[in-house]
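Each reported figure results from applying straightforward, stated rules to the coordinates on display, with no laboratory input. Bear in mind the structure is a predicted one, so any value in this text is a computation, not a measurement. Neighbour counts are summed over all protein chains in view; Cβ atoms, including those assigned to glycine, are modelled from backbone coordinates with ideal geometry.
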């Protein structure tokens, strides 16, 4: 079984569509979708509570906003599948691409697979956004002597037992580089596959800021010099 972990914060315009699209996606394994409402205040809570999502969906809630990392860890604790994947409710990614991440895990080539974004002109959001992403990925490669293409991708699929064993403490967006760093420290070879991506604009609700880039670097540095 695949457990899809969906952190949600203030996504009333997209969350229902995101859930429907994930459930409609054909995947090579049974699926459960664990949705964590991370203290939303924009009407997302009511949409999630009132929806008839079916038995494959489990809804968990944080009373207050605790951050993406905290929401992922809440979902991960409840995961029943052999594999766990992160899928954000903002629909910047295509849920069909989850199927591309599964084969390396199913056939034993890897215990973790990441979806790599192309960042073409239509999907890149802005030059500074792409530059920031490439810069933090370069920092990770230098610090940990690896060669990865996109450490901030939200398309990460990992064996659940391995995922749970990682010493993850980041509460916000820094959970993404922390997952990568901890996998590398375990000696895991991360398989990468290309995936589709369309970044939202700030007007559409893009939440990442320049400050998050500095937090990512700080997280990588912390992980590089500490294994806990």
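Based on alpha-carbon atoms only, what is the radius of gyration of the chain relative to the globular estimate 2.2 N^0.38 Å?
Working: Rg = 16.4 Å, N = 228, 2.2 N^0.38 = 17.3 Å.
Expressed relative to 2.2 N^0.38 Å, the Cα Rg reads 0.95.
Under a point spin-label approximation (7 Å from Cα along Cα-to-Cβ), what is the residue 161-residue 78 distance to one decimal in nm?
Each label point lies 7 Å from its Cα, and together they span 2.4 nm.
Could you give the length gained by full extension between residue 134 and residue 21, i.e. 0.36 nm per residue of separation minus their alpha carbon distance, to one decimal place?
Working: separation 113, 0.36 × 113 = 40.68 nm, distance 2.91 nm.
The residue 134-residue 21 span can extend by a further 37.8 nm.
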